[in-house]
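Student: The structure follows.
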Amino acid sequence: MTHDDPRRRIPRTDALLATLGDLVGVHGVDAVKAAVTTAQADARSGRITPEDVESATRAVLAARTPTTLHPLVNATGVVLHTNIGRAALSADARRALLAAAGHVDVEFDLGTGARARRGRGTLAALREAVPAAGDVLAVNNGAAALVLATTALAVAQGRPEIVMSRGEIVEIGDNFRLHELIESTGATIVEVGTTNRTWAQDYSRAVTEWTGLVVKVHPSNFVVHGFTHGVDVPELSRTLADVRAERGLDVPLLADIGSGLLRPEPLLPDEPDAHTALTGGADLVTASGDKLLGGPQAGLVLGRADLVEAMRRSPLARAVRVDKLALAALEATLRGGPTPTAAALRADVAELRRRTEEFARRLAEQGVGGRVVAHDAAVGGGGAPGVVLPSVAVALPDRWGAPLRREGVVAQVTGGACLVDLRGVEADDEARLLTAILTVAHEGDAR
Ligand SMILES: *Cc1c(COP(=O)(O)O)cnc(C)c1O
């Protein structure tokens with residue numbers, strides 16, 4: 001080694017380990033050492049410069065996944081895509097997941113050393129977010145919230161009939177039919193109204209001493225146009241109040257809003273939210289944590305304290321219990337800043353165009369041409385049907401769709417092109433997206 005040999009500039013392992021302290025906490029010292037060794041060897045062989053050793057180490061660690069799940073870049077323009085894990089978590093929520101990975105006081109009071117209510121910090125955050133709720137509960141997912149409500153508030157009370165509008169007997173996801181889920185608890189669905197029209201008196205006529213709940217489902221993935229009528233939460237709540245006054249039957253109204261919006265979202269005026277449903281007279285609201293709320297998979301239950309307590313006391317509550325990781329991520333989502341879901345939803349189209357043109361320019365610099373075209377993005381995840389989010393995409397050859405997926409990028413192959421929409425791509429993922437496209441483009445050259 002001569003005096004000016006660049007290899008002399010390769011950083012030493014102990015110095016690198018000190019700079020990479022943050023990653024030692026995440027990956028463990030052995031993995032970081034192994035990545036350092038790989039990067040140093042690359043620098044020694046001249047594949048990278050000594051100055052790149054640190055960033056190469058970081059890249060090796062970032063690519064390291066201890067699971068068969070592949071981290072993906074969502075370039076589809078569909079903000080919430082169920083097949084790729086719905087909402088991407090915020091940076092705060094990701095940190096919260098890591099923090100909760102070891103032992104945590106999820107059900108333990110550090111002051112007294114005694115058992116405490118599970119997830120109380122998360123529940124407090126949810127209550128603060130929706131003060132109209134008398135009490136709140138978090139369970140495994142939205143489906144679990146419905147099963148628990150039906151079981152605890154209807155079947156276990158000896159009032160197994162659940163009244164639902166025929167217009168709301170819907171298939172939410174692939175083969176997932178809500179009324180079948182409800183019936184799986186031993187409940188019977190009493191269908192009222194017709195596919196297109198249901199009136200308040202249809203509900204009041206159907207309520208009997210056997211009715212456990214009236215369930216109003218947000219038909220989140222389709223819209224009915226034309227000769228239609230539905231009964232909204234305030235009208236249904238008034239109808240049930242009349243039934244109570246006239247016939248002494250006290251039947252709670254459960255609104256399954258699905259999306260998990262806690263407050264109205266101006267961009268999605270037809271999407272129900274927990275605050276509006278509760279102030280409109282719903283006794284209980286159920287929703288998902290990983291749709292528009294932008295958090296982890298969870299089922300949220302908000303509403304009358306006596307009903308929430310009955311659900312909490314049900315033996316079934318244990319079987320649908322939410323895990324500590326989801327509790328941690330949910331609290332961070334509720335208390336933290338804007339989520340990637342909110343950012344993708346609210347992204348301004350002019351700003352998206354500017355960002356996409358800059359991205360296309362960087363591709364062009366590397367010899368990859370791609371036209372910038374207008375694109376219709378969507379909310380997805382079974383939410384806000386018919387809402388088009390105007391967006392922008394880079395049009396690449398359609399045969400690039402499959403190799404891009406292998407590089408961890410999901411784009412939309414349609415109309416003879418592979419459309420890469422940046423709306424749902426987090427800023428931190430743009431470099432990865434660029435590299436993936438260049439890799440695929442150059443593979444093409446090589447063939
Ligand atoms: C998504 C959805 C569900 C199911 O929630 P999961 O969290 O996926 O279990 C139930 N009801 C409605 C209206 C939904 O949109």
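The values are calculated or read from the model by the stated rules, or taken from the named source; none is laboratory data. Keep in mind that this is a model prediction, so the values were computed, not measured. Positions of Cβ are backbone-derived with ideal geometry, glycine not excepted, and every protein chain shown enters the neighbour counts. Only protein heavy atoms, including side chains, enter the accessible area calculation; ligands, DNA and RNA are left aside. Shrake-Rupley method; radii C 1.70, N 1.55, O 1.52, S 1.80 Å.
Student: Measure nothing but the geometry: give the 0 to 90° angle between the long axis through the Cα atoms of 142-153 and the longest principal axis through the Cα atoms of the chain, rounded to 10°.
Tutor: Approximately 30 degrees, to the nearest ten.
Student: Further question: In 5 Å bins starting at 0, how do the alpha-carbon pair distances of region 389-447 split up by percent?
Tutor: It works out to 4, 19, 30, 26, 14, 5, 1, 0, in whole percents.
Student: So what's Rg/Rh here for region 91-337, counting alpha carbon atoms and using the Kirkwood radius for Rh?
Tutor: On the Cα set of region 91-337, Rg over Rh gives 0.98.
Student: If you take the Cα Rg of region 6-63 and divide it by 2.2 N^0.38 Å, with N the number of residues, what do you get?
Tutor: Cα-based Rg divided by the globular estimate yields 1.00.
Student: Can you tell me the 0 to 90 degree angle between the C-alpha axis of helix 53-62 and the longest principal axis of the chain, rounded to 10?
Tutor: Value to nearest ten degrees: 30.
Student: Also, I was wondering about something else. Ignoring ligands, DNA and RNA, what percent of the 1.4 Å accessible area of region 206-292 is carbon and sulfur?
Tutor: 55 percent
Student: Give me the percent of the accessible area of region 25-124 that comes from carbon and sulfur atoms, probe 1.4 Å, all protein chains in place.
Tutor: 57 percent
Student: Using the Karplus curve 6.51 cos²θ - 1.76 cosθ + 1.60 with θ = phi - 60°, work out ³J(HN,Hα) for each residue of region 270-285 in order, rounded to whole Hz, and write x for Gly and Pro.
Tutor: With the stated coefficients, region 270-285 comes to 8, 8, x, 9, 5, 4, 5, 5, 5, 5, x, x, 5, 7, 9, 10 Hz.
Student: Taking the Cα atoms of region 110-200, what is the range of coordinates along each of the three principal axes, in descending order and whole Å?
Tutor: 56, 29, 28
Student: Ordered by packing density, taken as the mean number of other Cβ atoms within 10 Å over each peptide's residues, highest first, how do 75-88, 393-406 rank?
Tutor: 75-88, 393-406
Student: I've got another one for you. What percent antiparallel are the DSSP beta bridges of the chain, to the nearest 5?
Tutor: The answer is about 60 percent antiparallel.
Student: Between Arg86 and residues 5 or more places away or on another chain, which pairs have amide H atoms under 5 Å apart, with H built 1.01 Å from N, and which residues are they?
Tutor: For Arg86, the qualifying residues are His81.
Student: What does the accessible area per residue of the chain come to in Å², with a 1.4 Å probe and no ligands, DNA or RNA counted?
Tutor: For the chain, the per-residue accessible area is 48 Å².
Student: Rounded to the nearest 500, what is the chain's calculated 222 nm mean residue ellipticity when only DSSP H runs of at least 4 contribute -39500 (n - 2.57) each, over all residues?
Tutor: -11500 deg cm²/dmol
Student: If the convex hull of the alpha-carbon atoms of the chain is projected onto planes in all directions, what is the mean projected area in square nanometres?
Tutor: Value for the chain: 26.7 nm².
Student: Taking the highest mean first, how do the peptides 373-379, 329-335 order by number of other beta carbon atoms within 10 angstrom per residue?
Tutor: Going from most to least packed, we get 329-335, 373-379.
Student: Starting from the 7 Å offset along Cα-to-Cβ, what nm value, one decimal, do you get for the label separation of Ala374 and Leu438?
Tutor: Taking the two extended label points, one gets 3.2 nm.
Student: How high is the relative contact order of region 91-337, in percent, counting Cα pairs under 8 Å that sit 6 or more residues apart?
Tutor: 28 percent
Student: Next up: Along Cα→Cβ, 7 Å out, is where each label goes; now give me the distance between the ones at Ala34 and Arg244 in nm to one decimal.
Tutor: For Ala34 paired with Arg244, the spin-label model returns 6.1 nm.
Student: For a quick check of your reading of the filter: which GluC sites (Glu not before Pro) in region 70-177 sit in a DSSP loop and have no more than 10 other Cβ atoms within 10 Å?
Tutor: none
Student: How long is the gain from Thr279 to Asp398 if the chain were fully straight, where each residue apart is worth 0.36 nm and the alpha carbon distance is subtracted?
Tutor: 38.0 nm
Student: Let me ask another. How far is it, in nm, from the label point at Asn83 to the one at Glu171 when both lie 7 Å from their Cα along the line to the Cβ?
Tutor: The two pseudo-label positions are separated by 1.6 nm.
Student: What's the angle, to the nearest 10 degrees (0 to 90), between helix 349-365's Cα axis and the longest principal axis of the chain?
Tutor: 30 degrees
Student: Also, I was wondering about something else. Answer with one residue from Met164, Gly119, Thr150: the one whose Cα lies farthest towards the positive end of the charge dipole of region 113-174, charges on Cβ with Lys, Arg +1 and Asp, Glu -1.
Tutor: In region 113-174, that residue is Gly119.
Student: In addition: Under Stokes-Einstein, with the Kirkwood radius over Cα pairs standing in for Rh, what whole-number D in µm²/s applies to region 3-150 at 37 °C and 0.692 mPa s?
Tutor: This corresponds to a translational diffusion coefficient of 165 µm²/s.
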